[in-house]
1. What is the one condition in (1) farther than 25 Å from Leu210 by Cβ; (2) under 16 Å from the mean Cα position of the chain (by Cα) that Ser96 does not satisfy?
2. Kindly indicate whether any position in the range 70-81 is over 19 Å from the mean Cα position of the chain (by Cα) and surrounded by 24 or more Cβ atoms within 10 Å (Cβ to Cβ).
3. Look through Val436, Val430, Val402 and report the one residue that is in a helix (DSSP H, G or I), in contact (Cβ under 8 Å) with a residue 40 or more places away in the chain, of a type in the set (A, V, I, L, M) and farther than 20 Å from Leu361 by Cβ.
4. How many of the residues making up the range 86-129 are farther than 27 Å from Ile425 by Cβ and either open to solvent by less than 20 Å² (accessible area, probe 1.4 Å) or touching a residue at least 24 places away in the same chain (Cβ under 8 Å) (or both)?
5. Under 17 Å from Leu265 (Cβ atoms), touching a Gly at 6+ places or on another chain (Cβ under 7 Å) and touching a residue at least 60 places away in the same chain (Cβ under 8 Å) - does that describe any residue in the range 180-196?
6. Assess whether Cys408 counts as being assigned to a helix (DSSP H, G or I), modelled with pLDDT under 90 and in contact with a helix residue (DSSP H, G or I) (Cβ under 9 Å, 6 or more places away or on another chain).
7. Check Glu230, Glu236 and return the single one that is touching a residue at least 60 places away in the same chain (Cβ under 8 Å), part of a helix (DSSP H, G or I), open to solvent by 10 Å² or more (accessible area, probe 1.4 Å) and within 25 Å of Phe97 (Cβ to Cβ).
8. Identify all residues within the range 19-55 that are aromatic (Phe, Trp, Tyr) and either within 16 Å of Ser246 (Cα to Cα) or at pLDDT 95 or above (or both); write none if there are none.
Amino acid sequence: MGKHKKKEEAVFLRKKITLLRAFSLLIGSMVGSGIFISPKGVLKNSGTVGFSLVVWFACGLLSMFGALCYAELGTRITKSGGHYIYILETLGPLPSFLFLWAEFFAIRPANSAVVSLAFGRYLLEPFFAPCAAPVPAVKLVSLLGYYAVLTLNSWSVTWSARLQTALSVVKLLALMLIIVPGMMLLAQGHTKNFQDAFDRQSLVPDKLPLAFYAGMFAYSGWFQTSFVREELVRPERNIPLAVIVSVITVIVGYMLTNISYYTALGTQDVLASPAVAVSFVQQACTNLISVVPVLVALSCFGTMNGGILTFSRTLFVASREGQWPPLFSMIHIRRHTPLPAVMLMFPLVTAMVCIGDIYHLLNFFSFSRWLFIGLATLGLIVHRYRHPELQSPFKVPLFVPVSFTIICLFTVAMSIYSDPVNISIGCTMVLSGFPVYYLVIQRKMSNRCHRLL
């Protein structure tokens, strides 16, 4: 009787994320600040309009490869936790802890700070046009937006998922308000900015990794369903469906959006603009000048919501696996939200928003992110080799994880030459996890084994 009662009262993450919500989570996470700030970074590091469009398409194709790999991992490994749990289950505890360390101290706070700053800039842009919004005001509004998302994710999984669904529609509307006027201008013959689109003299090959970092940042989010694996309804069916449809949708949307930008803006206009979407509206359709920035800000708000929703699950799973303090495996008994894990990012994101700059933060965290994503897909190859008897309901051709892993690791290696300062800081953050692992985690595991014996 007592055991039965305990079983009934057990607290766990509930299966509340349907196919529609999974699709909304992916769209909401991918379409955010990236498509509205990354065009400048992609163009600056690729050199010309033509090469920048090639980079955008290549990043979309690479994202599809990565999404397919993660879809298979999600059907093979039934735990939530995303990159962390995949690396832990395939490559072992040391690489997984190094990812966790880098994710907590570098990747996630820097990524959240970038999206928050984009949210603040676009929300304030209509009030200060044609001048730039004051930096202190941007940072203050950025923090207020981030704190609002923290509060929502601490309150209810259901409401944060519903908001994600609603904001996914807003994100697609924001893209359509750029794509439709852009296509109309293109049909009217506005092709001046596409002349000499592939001028090789402007191409700087050693900067291409940074162009890929900017482009992949815009697509990042295709892996978000892997963080909430245990909360998905029918994950074997819904994970592959959600990632394939969402990534194809975003690739088409991003290509059309970038072409639209260049129908109204030249190379120098894009490079000089602090907010590309606002500059486009000022040139192409002034009657939307007060609408588009607000929709872009809401898109960024949705990206922040998706990021917190998924990252808190990583800490929850890591605590359950014994590699993070047990406090963060606790769930609110009535609301079923991992409250301690949600609130942990509060101080770090606050600090990075206050002292950081969007493009420096972008290069800083991209090194660590793509290093460990490459290791996770390497883990898929290892897992297939070690467990040939395992029948996965979804399986991709071997060349997909092999190609994705090689490209990720090659880009990471090349970026050290492209931006040695920020990449060195990111590399140092990863390496600093080694002594922590051997002094704390491995010793704790050894003590457990000793007591067991």
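The values are calculated or read from the model by the stated rules, or taken from the named source; none is laboratory data. Quick caveat, the model's predicted, so the values are computed rather than measured. Please note: Cβ atoms are built from the backbone with ideal geometry, for glycine as well, and neighbour counts cover all protein chains shown. In case anyone asks, the SASA skips ligands and DNA or RNA and just uses the protein heavy atoms, side chains included. Shrake-Rupley method; radii C 1.70, N 1.55, O 1.52, S 1.80 Å.
1. Unmet for Ser96, out of (1) farther than 25 Å from Leu210 by Cβ; (2) under 16 Å from the mean Cα position of the chain (by Cα): (2).
2. no
3. That would be Val436, the only listed residue that is in a helix (DSSP H, G or I), in contact (Cβ under 8 Å) with a residue 40 or more places away in the chain, of a type in the set (A, V, I, L, M) and farther than 20 Å from Leu361 by Cβ.
4. Result for the range 86-129: 7.
5. Yes, the range 180-196 contains a residue that is under 17 Å from Leu265 (Cβ atoms), touching a Gly at 6+ places or on another chain (Cβ under 7 Å) and touching a residue at least 60 places away in the same chain (Cβ under 8 Å).
6. In short, no.
7. Glu230
8. Residue satisfying the conditions is Phe23 alone.
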